[in-house]
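Structure, as structure tokens:
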Amino acid sequence: MNATSEFALAASNVGVTIGDKTILRDISFAANSGEFVGIIGPNGAGKSTLLRGLRGMGAITSGAVLVFGRPLHTLGDKQLARSIAYMQQDVNVGFGFNALEVVLAGRYPYLKWWQNEQREDYEIARKYMAFTGVEALAEKSVQQVSGGERQRILLAKVLAQETPLIFLDEPTASLDLGYQEEIFRHCRVICQEGKMVLIIAHDIKLAAKFCTRLILLAGGTILADGRPEEVITAQNLEKAYGLHSDVFINKVTGNLDIHTYEAAGTTTLQPVVHVIGGGGSAGNILRLLHERSYNLSGGVFQQGDSDADVAMAFGIQAIVGQPFCIIDKVQATKNREKILAADVTVLSNLYYGQQNLDNLEAAFVAKKVIIIEDTAIEERDFTGGKASKLYRDLCTLPQVTVLSSVQFAEQVVTGEIL
Ligand SMILES: Nc1ncnc2c1ncn2[C@@H]1O[C@H](COP(=O)(O)OP(=O)(O)OP(=O)(O)O)[C@@H](O)[C@H]1O
């Protein structure tokens, strides 16, 4: 079988119907050797049915599957077993077998019916047990190993089959975070060595971190297929899972991250709110209001400031200035335009220096102001008293309400304010 000239795996218009129920329809994709493909999607989307069908274990009722250019149904059992190794979900591991015997069973496609495993088979089994870190368990009964150890033994078995394609159906289910990451890391190495792995995963963030490509299944068909950042979008998550979310690159981890929330307030017309902040003082306010679907803007934040990052992650329009620079005329004007356009302006528990004093001055033009005060202004004033005076003047205006951040959050949730 030529492993270089054709796609390793190609499905065209694959469908599965059981009885009168259509479980899969119009599934088309092609994958190359070296690709680490994650299949994600909600419960009942058809992921396991697809994997079984692609392995020739469940009847495909329409379409075609090619393995290195050859129709799946033309491959004999042993040929198929030398092409695709498949780790099923919740597989029963034979009672009374030790770990080495389980892994050795992966060598069956290479043995004649009268043959026992040869020295080479033992060497191969031990090699993959060492790779997945279970070599020391070789003589141990598989009934006496932990869930994580069991999964790594089964992964070694699948690898010992030495196939160019490896299908894994939720191999990380019930594993702790450490073992989950380990399985994905092993798969990444295997793919870098030229195999193709198709893995069903429920942990989208983990799949996005390790897989080179994701296929999102929903309602029995492919909703999205591509690089993780192309597939994992708020729109796709809403369509597939009915989830309200924000998808962003986590600055701490550098990985794609998802913030999910229960949408509230979408049925009524929400007021326009402008949040004045900076230095991390506005992040919680922006998140709270964004989750409740307020029409938001923010500023003037500084580049690199976490308030600017929160606004960007949530797609909130923000005015952002240079770090350590005085708010310039353009930013000051834009800030006032947003304040004037807003029904309510929230002034966060900001610390003031000369460079951001204009944020406080700008609040005077607002129709209605909610000041968030967690710390006395004197402790936040690095302007020699200028900010404190302005702040006290602002507090005396009739359109101003002063609340702690806890009171503000409570009143937003109960709908008393805004
Ligand atoms: N043999 C069968 N007969 C009838 N319906 C079936 C059969 N096998 C699966 N289904 C149905 O097909 C749909 C897809 O099931 P499948 O197990 O492929 O989903 P899945 O995406 O793997 O789900 P999960 O994430 O819960 O494991 C489900 O609605 C399931 O009930």
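Every read-out reported here was derived from the displayed coordinates using simple, explicitly stated rules and does not represent laboratory data. Small disclaimer: the values here were computed from a predicted structure and weren't measured. No Cβ is skipped: glycine too gets one built from the backbone with ideal geometry, and neighbour counts run over all protein chains shown.
Listed values, structure above:
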read-out: Segment 184-236 and segment 355-418: distance between their alpha carbon centers, rounded to Å; value: 46 Å
read-out: Simple label model, 7 Å out from Cα along Cβ direction - residue 91 to residue 251, nm; value: 4.5 nm
read-out: Segment 9-251 - Kirkwood radius from inverse mean 1/r over Cα pairs (Å); value: 18.6 Å
read-out: Where labels lie 7 Å past Cα in the beta-carbon direction, separation of residue 111 and residue 13 in nm; value: 4.3 nm
read-out: Cα pair count fraction exceeding 19 Å, expressed as % - segment 119-202; value: 34 percent
read-out: Percent antiparallel among DSSP beta bridges (both partners in segment 272-414, rounded to 5); value: 0 percent
read-out: Entries in 47/112; 47/209; 78/127; 239/367; 334/386; 157/251 that, when Cα-Cα distance is taken, lie over 31 Å; value: 47/112; 239/367; 157/251
read-out: Alpha-carbon centroids, segment 1-63 and segment 309-352: separation in whole Å; value: 49 Å
read-out: For segment 125-284: Kirkwood Rh in Å [reciprocal of mean 1/r, alpha carbons]; value: 18.5 Å
read-out: Estimated [θ] at 222 nm from DSSP helical runs (n ≥ 4, -39500 (n - 2.57)) normalised by residues in the chain, nearest 500; value: -9500 deg cm²/dmol
read-out: Label-zone membership for segment 330-369, site residue 402, 7 angstrom Cα→C-beta point, backbone N under 17 Å; value: 346-352, 360-361, 363-364, 369
read-out: Quarter of Cα convex hull surface for segment 38-134, i.e. mean projection, nm²; value: 8.7 nm²
read-out: Chain lengthening between residue 382 and residue 79 when straightened (0.36 nm per residue, less Cα-Cα); value: 101.5 nm
read-out: Mean projected area (nm²) of the alpha-carbon convex hull when segment 54-198 is viewed from all directions; value: 9.4 nm²
read-out: Segments 189-201, 222-234, 398-410 sorted - mean Cβ within 10 Å per residue, highest first; value: 189-201, 222-234, 398-410
read-out: Viscosity 1.002 mPa s, 20 °C: Kirkwood-radius Stokes-Einstein D of segment 249-323 over Cα pairs, µm²/s; value: 168 µm²/s
read-out: Rg ratio (alpha-carbon, reference 2.2 N^0.38 Å) - segment 272-414; value: 0.94
read-out: Counting DSSP beta bridges with both ends in segment 9-251, the antiparallel % (nearest 5); value: 55 percent
read-out: Computed FRET value (nearest 0.05) for residue 322 with residue 43, which takes r as the C-beta separation and R₀ as 51 Å; value: 0.60
read-out: Dimensionless Rg/Rh of the chain - Kirkwood Rh, Rg from C-alpha atoms; value: 1.15
read-out: Translational D in µm²/s for segment 201-315 (Stokes-Einstein at 20 °C, 1.002 mPa s, Kirkwood Rh from C-alpha pairs); value: 139 µm²/s
read-out: Protection proxy ranking of 297-308, 26-37, 242-253 - average other beta-carbon atoms within 10 Å, highest first; value: 297-308, 26-37, 242-253
read-out: Antiparallel content of DSSP bridges confined to the chain, in %, to 5; value: 40 percent
